[in-house]
Amino acid sequence: MNAHDPHHESLLMSLLVGDLTKDAPEMVELLSSCADCRTRLEELEGVARSLDAVAEQERRDLAAAREVGDAPGLADVDRILRDRALQDQAGADPSRARRPLSLEARRHRLARPLAAAIVVLCLAAAVFIVGELGSDSNNPDPEDRILGTDGLVDLSPAGTVSEILEFSWTGTRPAGGSFTVRIFAADSDLDAEPIMVEGWIRGTSWTPTVEIPWREFDWNVVSLSAMGEELEHSERVQVRRAEAN
Amino acid sequence: MTETLRDDAEERARAHRADLALVEAVLAGDSAALDALIKRLECVPRILHTLNERAGRVLTPADLADLSQDVLVLIWEKLKTFEGRATLETWTYRFCWLESRNCFRRVYRGREIGPGASALIFEELPAAEVSLAIEHEAIEIGLSELGPPGSEVIRLKHFEERTFPEIGSLLGIPTNTAKTHYYRGLEWLRQRLRSLGEGME
């Protein structure tokens with residue numbers, strides 16, 4: 001606040017909070033004798049008018065919103081909020097957590113023979129897919145398994161490609177969350193730090209805006225919650241670019 | 001007239017207390033309260049739709065659905081900060097407004113425009129609409145920088161149309177202290193809006 005006569009300040013405040021009116025003798029005298037106060041009052045009343053205008057707009061928007069029937073995203077409100085409530089309950093009571101289960105854990109839950117048969121078939125299919133992707137499937141690290149019911153699969157580019165235009169995958173983005181693509185040095189250890197990271201991806205693909213400089217590398221994709229916690233990650237996929245002609 | 005105003009104020013205060021009780025019940029794990037809250041928060045996509053319409057349909061329906069999801073998650077995370085000083089819908093509106101502004105801005109920059117997405121045609125918006133949007137943004141920035149208790153007193157005074165005795169009672173401060181916070185906040189906003197205005201020129 002600018003240095004100003006404290007008595008003038010006090011009178012301006014009394015006017016703005018409604019304790020005095022402009023035709024009160026002390027106000028008439030102040031406004032006729034102090035140009036600074038006149039300017040300041042004008043500006044302060046302008047701020048108050050702006051606040052009223054914004055508040056009025058807010059009320060109009062809320063009234064208009066009440067008249068809206070269907071709106072994009074309306075059908076998802078229930079699911080999103082129940083998911084969040086469930087996650088919060090899980091946080092408070094870990095035994096109630098609905099978290100992604102490892103394949104091992106899921107297998108244990110399926111006790112019935114029919115279900116067990118389905119699991120065997122799924123595992124066989126998973127082994128086949130992993131083999132096709134050409135990753136380190138001979139001795140997979142348990143931490144590197146595809147987790148969750150909406151597992152991150154179908155990663156591409158995979159294998160040998162000549163030009164990388166887009167990285168894509170299949171999976172459901174967590175409510176409010178995002179995906180992160182991590183690129184690792186070719187054949188690096190599973191606990192190696194990535195050499196390139198692209199985060200805050202909202203779709204299920206990423207088109208690099210700069211050329212990927214490495215001829216060989218591995219990559220995977222991670223899904224993150226709205227709070228930035230890692231929820232699941234895909235296996236690593238190898239990319240080996242063909243030599244240019 | 002005075003009687004009507006007092007009735008209105010009491011009615012609003014009752015509604016705010018009921019909303020606070022609803023939120024507290026949800027946070028305590030009450031499933032019936034969760035059902036009721038979900039119904040109330042269906043206002044989020046509707047408010048976002050309204051803001052988008054008013055801004056000239058900057059976002060596509062798919063963008064809006066995405067934004068609605070993000071805002072709902074944000075509101076859920078902030079639910080414990082709801083203090084019942086406004087209705088749930090008014091409290092929610094500020095999240096919708098701020099997040100939609102951020103989203104519009106990203107679209108303006110062209111980062112999230114995908115094939116077929118509607119581009120911003122700012123020039124086609126009415127001048128009054130643009131002016132109000134700028135004013136709204138400056139006020140929101142100013143209030144968020146001012147912070148409590150000044151911003152709370154100003155919001156209660158202008159947005160909730162509370163009297164100073166009501167504000168004092170709500171915030172647990174003497175009426176005269178509420179008036180002082182209001183005046184200081186207004187003075188602070190005056191200077192801040194002036195500098196924001198100079199920055200925009």
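Overview of values
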{"quantity": "Conditions (1) surrounded by fewer than 16 Cβ atoms within 10 Å (Cβ to Cβ); (2) at the interface with chain A (Cβ under 8 Å from one of its Cβ atoms); (3) at pLDDT 95 or above; number of the one not met by B:Leu41", "calculated": "(1)"}
{"quantity": "Conditions (1) in a loop (DSSP other than H, G, I, E, B); (2) touching an Asp or Glu at 6+ places or on another chain (Cβ under 7 Å); (3) of a type outside the set (Val, Ile, Thr); (4) crowded, with 20+ Cβ neighbours inside 10 Å: number failed by B:Leu59", "calculated": "(2)"}
{"quantity": "Selection status of B:Thr90, under 25 Å from B:Gly172 (Cβ atoms), within 12 Å of chain A (Cβ to nearest Cβ) and in a helix (DSSP H, G or I)", "calculated": "yes"}
{"quantity": "Checking A:Asp52 against (1) surrounded by 13 or more Cβ atoms within 10 Å (Cβ to Cβ); (2) under 23 Å from B:Glu42 (Cβ atoms), the condition it does not meet", "calculated": "(2)"}
{"quantity": "For A:Arg79: the one exception among (1) facing another protein chain (nearest Cβ under 7 Å); (2) out of contact with any Leu (no Cβ under 9 Å at 6 or more places or on another chain); (3) under 30 Å from B:Leu34 (Cβ atoms); (4) modelled with pLDDT of 90 or more", "calculated": "(1)"}
{"quantity": "Any hit, region B:23-34, residues being more than 13 Å from chain A (Cβ to nearest Cβ) and either touching a Leu at 6+ places or on another chain (Cβ under 6 Å) or acidic (Asp, Glu) (or both)", "calculated": "yes"}
{"quantity": "Enumeration of residues in region B:172-191 that are crowded, with 19+ Cβ neighbours inside 10 Å and either more than 9 Å from every other protein chain (Cβ to nearest Cβ) or farther than 22 Å from A:Leu41 by Cβ (or both)", "calculated": "B:His181, B:Gly185"}
{"quantity": "Criterion violated by B:Trp76 - all others in (1) farther than 17 Å from B:Ala36 by Cα; (2) in a helix (DSSP H, G or I); (3) within 10 Å of chain A (Cβ to nearest Cβ) satisfied", "calculated": "(1)"}
{"quantity": "Residue in region B:135-156 that is farthest from A:Asp61 (Cα to Cα), counting only those that are at the interface with chain A (Cβ under 8 Å from one of its Cβ atoms) and at pLDDT 85 or above", "calculated": "B:Ile154"}
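The values are calculated or read from the model by the stated rules, or taken from the named source; none is laboratory data. Fair warning: this is a prediction, and the values are worked out from it, not measured in the lab. Cβ atoms come from the backbone with ideal geometry, glycine included; neighbour counts cover every protein chain shown.
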